[in-house]
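The values are calculated or read from the model by the stated rules, or taken from the named source; none is laboratory data. Fair warning: this is a prediction, and the values are worked out from it, not measured in the lab. Reconstructed Cβ throughout: ideal geometry from the backbone, glycine too, with neighbour counts over all protein chains shown. The accessibility values were calculated without ligands, DNA or RNA, using every heavy atom of the protein model including side chains. Shrake-Rupley method; radii C 1.70, N 1.55, O 1.52, S 1.80 Å.
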Amino acid sequence: MKKIIHKKDLAFFALGGLGEVGKNMYILQYNGQIFIIDAGILFPDKQLLGVDYVIQDMQYLIENQEMIVGLFITHGHEDHIGGIPFLLQKVRIPKIYAAGVAVDLIQNKLMDYPELPPVQIVEFKSHFTFQFKGVELSFIRLNHSIPDSFAFVFKTPYGHVIHTGDFKMDFTPTGPAAEYDKLAKLGAEGVLLLTADSTNALVPGFTESETKIGNSIKELFSNIKGRAIVATFASNIYRVQQIIEASVINGRKVAVFGRSMEKTIEIGQQVGYIRPPKDTIIEAENIKDYEPSQITLLCTGSQGETLAALSRIAGGTHRQIKLIPGDTIIFSSSPIPGNQEGVNKTINLLIKNGANVITHSPLTDTHTSGHASQGELKLLQALLKPKYFLPVHGEYRMQRVHADLAIDCGVEKDNAFVLENGEVFVINEEGAHIAGHVEAGDVYIDGTQIGDISSQIIKERKTLAEDGLFALVITIDMNKKIIPLEPQVVSRGFIYMKDSEALTKSFVSQAKKYLTTELARIKQLNLNQLKQGLTEYLSHLIYEETDRKPMVIPIFMPINTSL
């Protein structure tokens, strides 16, 4: 295979995160060193039946393990850290570099995988620098919907490379302020390459401040008479703290439901971002000791997830919580693309059961994004003035618009590149260009291990779900090369056999006719070849008769009788 990255090349490419929202993993390679930026997961859509997560194809990293200097984490969201256990199953990672709450989240996650090899986690702070061969790494604190989110600055002989991670420009943040002075200083020094978050590139203006949402939630709480049930992203630690503050101001105790939410509360308190007064958080069994107006239920399920706490409350299947008249449910989130149907189903169930439901709208600010909109993306370009620009973390349309914004702000048209996963962008003494492509596909996770779930298996699951199964159990005499017994049919999700006896008998008759002809023709009996031929024959026959394509499985039961 032709080598596309040479030692003196400064290369950047993605194994995940381009053309999609999630599965983030970016690679910076220089001087025989690989810097892995983030290792996230992508939550599957409904087409990926039985798949829990989608992760990156790691073949490039497996083949070049000796060059890896570390995994560098921008922040603690699942689409940036969720793939770490699977990465460690396949690739030797010398160190993981992470900051603040991300360290706790990673450590917590790795406890669920005791079989993994131990890995050193190096905690950095915004003023730290690390020296590698010809590369100096430093950090810029930015704002996002989770604390301790950082941009990375790689100082190389060719110039500064800046990767933003996920960010927004919040001038009245709930947590620590972003380090805009560092951005301005780097812009004055000169930035060679900027790779930046594109998630909200289609959204005009500026993203609302988290502080404004906190004030809105406090105002909403002051008007709620019964129980307040709030669903939000478990990872949004700032929002969780704001909900607790609103509860305290209005004399409410807080009960927490959902495993991920419980973990967030625990970790948030450990690092000091969640600060409930003593006895504010109560156990679920103690809810009955308080009036409804004295209770806030904080739970998972803002995306309509089937097994999350709010969905089970809405469906009446939650073990501890039942809806009562006067309950008010606040969705402090916006549906992720693809989740709207599940969210709507949950809302309808809640309203049907007598609850008041409040969602984000111009009149009720219950949520804001953690990603920069167009105004902030332009401001970033104005501050940094990069020579080259690569939009990352987003669907193609988001990347394309982001690239156009950069061009509007002064990046030369030929210097803004919209890449796909695996495309390698190279800078060297001759300039910048796309050098080629490395392997970068999807790997499906079913359970906790990287298994053999190929696209073919997904296709088979889809076929079973949509068109069902048609199996034919056939006894075959290996010596006499005959079918001594009538084949038995098993149909699941395809046709109801009692109502389709004539059709079923026709399929069996024609299958016997095909097999009889083939057995008479062939000299050496090969069951695999016979099975493949019968499968193709029956599949074509069934499609002609029913306009459907069930999974066809011939099952041979060989016997041996004397000639």
What number of residues within segment 113-127 are surrounded by 11 or more Cβ atoms within 10 Å (Cβ to Cβ) and of a type outside the set (D, E, K, R)? 7
Give, as residue ranges, the strands (runs of 3 or more DSSP E) completely inside segment 122-163 that count at least 2 residues that are at pLDDT 95 or above and aromatic (F, W, Y). 129-132, 149-156
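For segment 1-120, please list each of the strands (runs of 3 or more DSSP E) lying entirely inside it that holds at least 1 residues being under 23 Å from the mean Cα position of the chain (by Cα) and either modelled with pLDDT of 95 or more or at positive phi (or both).
Answer list for segment 1-120: 10-16, 25-30, 33-37, 68-72, 95-98.
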Considering T164, T172, which residue is out of contact with any Cys (no Cβ under 7 Å at 6 or more places or on another chain), open to solvent by 10 Å² or more (accessible area, probe 1.4 Å) and under 16 Å from S369 (Cβ atoms)? T172
Please work out which one of (1) open to solvent by less than 50 Å² (accessible area, probe 1.4 Å); (2) more than 24 Å from N348 (Cβ to Cβ); (3) outside any loop (DSSP other than H, G, I, E, B); (4) of a type in the set (A, V, I, L, M, F, W, C) is the condition I274 fails and give its number. (3)
Show the residue pairs meeting these rules: Cβ distance below 8 Å; 6+ apart or different chains; first residue within segment 502-530 and under 19 Å from I553 (Cβ atoms) and open to solvent by 60 Å² or more (accessible area, probe 1.4 Å); second residue among the aliphatic types (A, V, I, L, M) and not in a helix (DSSP H, G or I). K512/I483
For segment 182-225 the number of residues that are over 26 Å from F150 (Cα atoms) and open to solvent by less than 10 Å² (accessible area, probe 1.4 Å) is 2
Just one listed residue, out of Q303, Q320, is open to solvent by less than 80 Å² (accessible area, probe 1.4 Å) and polar (S, T, N, Q), and it is Q303
Those residues that are within 21 Å of S332 (Cβ to Cβ), in contact (Cβ under 8 Å) with a residue 12 or more places away in the chain and part of a helix (DSSP H, G or I), I need them from segment 167-221; list them, please. E210, T211, K212, I213, G214, S216, I217, K218, L220, F221
Which listed residue is of a type outside the set (F, W, Y) and either over 23 Å from P157 (Cα atoms) or at pLDDT 95 or above (or both), from G431, G410: G410
Checking the condition at pLDDT 85 or above and buried (at least 17 other Cβ atoms within 10 Å of the Cβ), which residue from V443, V473, V424 passes? V424
Positions within segment 91-112 being closer than 15 Å to I62 by Cα and crowded, with 17+ Cβ neighbours inside 10 Å, in sequence order: V91, I93
Can you name every residue in segment 65-90 that is of a type in the set (S, T, N, Q) and either in contact with a helix residue (DSSP H, G or I) (Cβ under 9 Å, 6 or more places away or on another chain) or open to solvent by less than 10 Å² (accessible area, probe 1.4 Å) (or both)? T74
The residue from K480, K523, K462 that alone is modelled with pLDDT under 85 and under 30 Å from Y444 (Cβ atoms) is K462
